[in-house]
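The values are calculated or read from the model by the stated rules, or taken from the named source; none is laboratory data. The shown structure was predicted, so the numbers you read here are calculated from the model rather than taken from an experiment. Cβ: placed from backbone, ideal geometry, glycine included. Neighbour counts: every protein chain shown.
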Amino acid sequence: MQDNGSFSDFFYPAPDGLRLHARLYGEGAAGSWPVVCLPGLTRNARDFHELALHLAREAPAPRRVVAFDYRGRGLSAHDANPANYNVGVEAADILAGLDALKIAEAAFIGTSRGGLIVHLLGAMRPNVLKAIVLNDIGPAIEAEGLAHIRNYLHSASRPATLAEAAEAQRKAHGADFPALRSQDWERMAVAIYRQQGRAWVPDYDPKLVGTLDGLDLSVPLPTLWPQFNALAAVPMLAIRGANSRLLSSATLAEMRRRHPGMETIVVDGQGHAPFLETGDLPARIAGFIEQAEKTAQPPKFSNK
């Protein structure tokens, strides 16, 4: 289980007044970039717990880490209007949280939906993005992967124990994640489920699943290439699961072509989305952010 002494809870109002939540880890050195972690569609701040501990405590340059719960997930309030479960509203919520925390610039880690939100933040407030880590997401996503996500969300079970919850995740995703061990699935279950009475239930508003039902996956999905192109000057690391159904190798290659300075990591034995606390990923992510900060150009001031 996760240690509450390693982080603090932060609550703040969304632009429409909804009560939202984030986890805060560490302090970081004065002047160093904080790290903002944005989870996937139905996931929450707990997804980043082990990575956040590494970045806040163990990395050579410890940093302040903020991991957000979107509305309807984790400890954030559910929205009475499920139409508000969209990346535009969620991006505005993140900006409100950054303002409440007085964070003007940061390195961002976006897993899946979180990476889509990063693309929007680049259009809404570009100066906030100092470095970007995209975890198994890009400006174009594959319909097959989205269909897979929709199907397993509709068939989500209500396990009686946490062990059953971990086994349910292994059965749903194990074919794409042969590299994972039993403790990895247990951590995933802790991040995804919460106890409700005698059952363990997914920790998100059930109405969130319905937001995927209107998608016509027989036609090409909209892309965010213009928004991605606008991020060309921002240091970027793209991580792809070798077995990913959502981010294709062709899309990753096109991202690299459009952003020649982009670094890439392909994680063997994992699909969508790689567990960022596994293997050497925490050290490589910390090293990428540290290098980006060291090489960042200082702001130019004019006397005119």
Open item on the list: Being aliphatic (A, V, I, L, M), closer than 18 Å to D205 by Cα, in contact with a strand residue (DSSP E or B) (Cβ under 7 Å, 6 or more places away or on another chain) and free of Cβ contacts under 8 Å to residues at least 60 places away in the same chain is true for just one of A52, A77. Which residue is that?
Closed with: A77
Open item on the list: Kindly evaluate A104 against the criterion of being surrounded by fewer than 20 Cβ atoms within 10 Å (Cβ to Cβ), over 19 Å from V190 (Cβ atoms) and at pLDDT 95 or above.
Closed with: yes
Task: From L75, L41, residue being surrounded by 17 or more Cβ atoms within 10 Å (Cβ to Cβ), touching a Lys or Arg at 6+ places or on another chain (Cβ under 7 Å), in a loop (DSSP other than H, G, I, E, B) and at pLDDT 95 or above - done: L41
Task: Unique residue being touching an Asp or Glu at 6+ places or on another chain (Cβ under 8 Å), crowded, with 19+ Cβ neighbours inside 10 Å and at pLDDT 95 or above when the list is A238, A292 - done: A238
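Give the residue, chosen from D184, D176, that is crowded, with 17+ Cβ neighbours inside 10 Å, touching a Phe, Trp or Tyr at 6+ places or on another chain (Cβ under 9 Å) and touching a residue at least 24 places away in the same chain (Cβ under 8 Å).
On inspection, the qualifying residue turns out to be D184.
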Task: Subset tally (residues that are over 18 Å from the mean Cα position of the chain (by Cα) and closer than 29 Å to A83 by Cα) for the stretch 11-56 - done: 9
Task: Residue check, A91 surrounded by fewer than 23 Cβ atoms within 10 Å (Cβ to Cβ), under 23 Å from R150 (Cα atoms) and touching a helix residue (DSSP H, G or I) at 6+ places or on another chain (Cβ under 6 Å) - done: yes
Task: Count of residues meeting criterion [surrounded by fewer than 16 Cβ atoms within 10 Å (Cβ to Cβ) and in contact with a helix residue (DSSP H, G or I) (Cβ under 8 Å, 6 or more places away or on another chain)] in the stretch 241-265 - done: 2
Open item on the list: I'd like to know if the stretch 205-222 contains one or more residues that are in contact with a Lys or Arg (Cβ under 6 Å, 6 or more places away or on another chain), over 30 Å from G122 (Cα atoms) and either crowded, with 16+ Cβ neighbours inside 10 Å or not charged (D, E, K, R) (or both).
Closed with: no
Open item on the list: Tell me which strands (runs of 3 or more DSSP E) are completely within the stretch 185-298 and hold 1 or more residues being among the aromatic types (F, W, Y), or say none if there are none.
Closed with: 193-196, 199-202
- [ ] Assess whether A91 counts as being within 16 Å of the chain's Cα centre (by Cα), within 22 Å of A286 (Cα to Cα), among the small types (G, A, S) and part of a helix (DSSP H, G or I).
- [x] no
Open item on the list: I'd like the full set of residues that are small (G, A, S) and either in contact with a strand residue (DSSP E or B) (Cβ under 6 Å, 6 or more places away or on another chain) or assigned to a loop (DSSP other than H, G, I, E, B) (or both), limited to the stretch 128-176.
Closed with: A131, G138, A140, S155, A156, S157, A160, A165
TODO: Test each condition in (1) touching a Lys or Arg at 6+ places or on another chain (Cβ under 7 Å); (2) closer than 24 Å to Q169 by Cα for D47 and report the one that comes out false.
DONE: (1)
Open item on the list: Which count do you get for residues in the stretch 15-26 that are farther than 14 Å from R73 by Cα and in contact (Cβ under 8 Å) with a residue 12 or more places away in the chain?
Closed with: 5
